[in-house]
Amino acid sequence: MSVTQETLARAPRPGAEVLAEPMRSRWSPAVFATDAPVGDDEIASMLTAAAWAPSTGNTQPWAYIVTRVGTAAYDAVVGTLSNGNSGWVPTAPVLIVAAALTGEWEGRKGMGDYALYDLGQSVAHLTLQAQAIGLHSHQFAGFDHDAAAAALGVPEAYRVMAGIAVGRLGGDEHVARAAEGDVARHTKDRTRLGASEVGYDGAWGTPFTG
């Protein structure tokens, strides 16, 4: 079995069979097809999904800066990456920087810590939409958030929280050119805690076993 076939077979994993699509098949690759662009209509679809996420009082305290490979904005984000992310992140043709409205901007105001919670829900919607339309995404936090905000002109009222690499799954030819550590990240076993390990029944410490 080739690496490509193996990675495509990585979802669903044991324990995820009860999930609906596209949650069941979602995973975060570390090798993207660098030569396969993402269209503007696909990006618009993901942003629309993000916009329709629930939020506190419908404040919608999120903003996304889309950067495409070959542009100064993309290069600026790549220039802020941590060593651990500098190898695999630039294999994605699109990098999206996600920010939460924690202050006040043009008459809009975030709801404190709830803005961070709401941004997380919005990003989840974006990544699931990506999966549904045949793309893959991988979120990352290892970059200089302040430097990225400055380079992209993000207002002080917004707090940069994460980056999202988006593209199509890399094939054997892309994997062969990737660094050893990135291939290991790409092919590592995917596991999760069980429902009884993350859920309590009625009170803390009583596992949910339903």
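Taking the stated definitions as given, is Gly205 small (Gly, Ala, Ser) and under 22 Å from Val18 (Cα atoms)?
no
Take Ser137 and decide whether it is in a helix (DSSP H, G or I), crowded, with 16+ Cβ neighbours inside 10 Å and in contact (Cβ under 8 Å) with a residue 12 or more places away in the chain.
no
Just give me the residues in segment 158-182 being assigned to a strand (DSSP E or B), closer than 15 Å to Ser137 by Cβ and over 13 Å from the mean Cα position of the chain (by Cα), in sequence order.
Selection gives Leu169 alone.
Filter segment 96-120 for residues that are under 26 Å from Ala76 (Cα atoms) and within 19 Å of the chain's Cα centre (by Cα) and give the result.
Ile96, Val97, Ala98, Ala99, Ala100, Leu101, Ala115, Leu116, Leu119, Gly120
So the check is Cβ under 7 Å with 6+ separation or different chains; which pairs have a first residue in segment 183-200 that's surrounded by 11 or more Cβ atoms within 10 Å (Cβ to Cβ) and a second one that's part of a helix (DSSP H, G or I) and charged (D, E, K, R)?
So the pair list comes out as Thr187/Glu6.
Residues in segment 49-63: is at least one within 17 Å of the chain's Cα centre (by Cα) and surrounded by fewer than 17 Cβ atoms within 10 Å (Cβ to Cβ)?
Yes; the residues of segment 49-63 include at least one that is within 17 Å of the chain's Cα centre (by Cα) and surrounded by fewer than 17 Cβ atoms within 10 Å (Cβ to Cβ).
Is there a residue in segment 50-67 that is aliphatic (A, V, I, L, M) and more than 21 Å from Ala132 (Cβ to Cβ)?
Yes, there is a match, as at least one residue in segment 50-67 is aliphatic (A, V, I, L, M) and more than 21 Å from Ala132 (Cβ to Cβ).
Which of the residues spanning segment 91-128 are of a type outside the set (A, V, I, L, M, F, W, C), part of a helix (DSSP H, G or I) and out of contact with any Ser or Thr (no Cβ under 8 Å at 6 or more places or on another chain)? Before the answer, list the steps.
From segment 91-128, those of a type outside the set (A, V, I, L, M, F, W, C) are 91, 93, 102-104, 106-110, 112-114, 117-118, 120-122, 125, 127; that's our starting set.
Filter once more, keeping what is part of a helix (DSSP H, G or I): 91, 113-114, 117-118, 120-122, 125, 127.
If the condition is that a residue be of a type outside the set (A, V, I, L, M, F, W, C), part of a helix (DSSP H, G or I) and out of contact with any Ser or Thr (no Cβ under 8 Å at 6 or more places or on another chain), then Asp113, Gly120, His125 are the ones that fit.
I need the full set of residues from segment 104-124 which are of a type outside the set (A, V, I, L, M, F, W, C), in contact (Cβ under 8 Å) with a residue 60 or more places away in the chain and crowded, with 19+ Cβ neighbours inside 10 Å, in order please.
If the condition is that a residue be of a type outside the set (A, V, I, L, M, F, W, C), in contact (Cβ under 8 Å) with a residue 60 or more places away in the chain and crowded, with 19+ Cβ neighbours inside 10 Å, then Asp118, Ser122 are the ones that fit.
A short reminder: the numbers here are calculations on the coordinates, not readings from a lab. Values in this document were obtained by computation on a predicted structure and should not be read as measured data. Don't worry about glycine lacking a Cβ; one is built from the backbone with ideal geometry, like all the others, and counts go over all protein chains shown.
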